[in-house]
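The values are calculated or read from the model by the stated rules, or taken from the named source; none is laboratory data. None of the values given here were measured: they were computed from a predicted structure. As a convention, Cβ positions derive from the backbone with ideal geometry for all residues, glycine included, and neighbour counts pool all protein chains shown.
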Amino acid sequence: MVNALFVAVLLLTALTLFNLVLVLGLVRRLRSHEERLAGLAEPPAVTSVKPGQQVADFTASTVDGQVVNRASLRGPTLVGFFSPNCSACHERLGDFVAVAARHPGDVLSVVVNDGGDTAPVVAALSATSVVVEDPEGPVGSAFGVHGYPAFIILTGDGVVESVGYQVPVPA
């Protein structure tokens, strides 16, 4: 009887230790996956310019025939880059127009002519200065844009204050 009880306790101890090893392995694996998922949650950079950097010089013409360059942007400037083939661009278009209406400085909208119909996007942005350019156009190149939509706020001297995929909300 004592031998059977001893064997039972020994077996339960072994099973408990085995279970503990499995649980610790599972916790370690979950932490590894959590770190990987956290890395995926951060979107890639939308532009190569970062806050604190000055935008390169550029010259472009708006759809109204106005010449726009870095020096012509006065005060805090809101800049939005849109692609007609981008569903997120269409989703954020209304927010951008609403923020642009309240923005105290200049607002520049850049629509990339990447094969889609630019007319509806240009029409929606008609209250702003709109530039239509090719994907490697002068404005997009100056800002280093490589993702759409992209929203940038510049200070009065052409220095990037903020950049991202979300429409910035003025303070």
Could you tell me how many of the residues in the stretch 115-141 are exposed (fewer than 12 other Cβ atoms within 10 Å of the Cβ) and not small (Gly, Ala, Ser)?
3
Any chance you could count how many residues in the stretch 144-158 are at pLDDT 90 or above and either outside the structural domain of Ala88 (by TED's automatic domain parsing) or more than 22 Å from Glu91 (Cα to Cα) (or both)?
2
Residue set Ala88, Ala60, Ala56; condition in a helix (DSSP H, G or I), closer than 22 Å to Gly144 by Cα and in contact (Cβ under 8 Å) with a residue 24 or more places away in the chain; output residue Ala88
Kindly provide the set of residues from the stretch 118-133 that are in a loop (DSSP other than H, G, I, E, B) and closer than 18 Å to Val68 by Cα, ordered by number.
Leu125, Ser126, Ala127, Thr128
Looking for something closer than 30 Å to Gly140 by Cα and touching a residue at least 12 places away in the same chain (Cβ under 8 Å) - is there at least one such residue anywhere in the stretch 26-43?
yes
Flagged pairs (Cβ under 6 angstrom, 6 or more apart or on separate chains; first in the stretch 144-161, over 15 Å from Ala100 (Cβ atoms); second hydrophobic (A, V, I, L, M, F, W, C) and assigned to a loop (DSSP other than H, G, I, E, B)) are Gly144/Val49; Gly147/Val46; Tyr148/Cys86; Gly158/Val55; Val160/Val49
Of the residues Asn69, Asn19, only one is surrounded by 10 or more Cβ atoms within 10 Å (Cβ to Cβ), among the polar types (S, T, N, Q) and assigned by TED's automatic domain parsing to the domain that holds Val139; which?
Asn69
Checked the stretch 31-55 for anything at pLDDT 85 or above and more than 30 Å from Gly158 (Cα to Cα); matches are Arg31
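Surrounded by 10 or more Cβ atoms within 10 Å (Cβ to Cβ) and in the same structural domain as Gly116 (by TED's automatic domain parsing): is that true of Pro51 in this structure? Talk me through it step by step, then tell me what you get.
Working: surrounded by 10 or more Cβ atoms within 10 Å (Cβ to Cβ): yes; in the same structural domain as Gly116 (by TED's automatic domain parsing): no.
Answer is no for this residue.
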Scanning the stretch 63-85 for residues that are in a strand (DSSP E or B) and among the hydroxyl-bearing types (Ser, Thr, Tyr) gives Thr77
Filter the stretch 91-117 down to residues that are assigned to a helix (DSSP H, G or I) and hydrophobic (A, V, I, L, M, F, W, C), then give me how many there are.
7
Quick count over the stretch 57-78, residues being of a type outside the set (S, T, N, Q) and modelled with pLDDT of 90 or more, is 10
Leading residue by the ranking (nearest to the chain's Cα centre (by Cα)) among those in the stretch 134-171 that are charged (D, E, K, R) and not in a strand (DSSP E or B):
Glu136
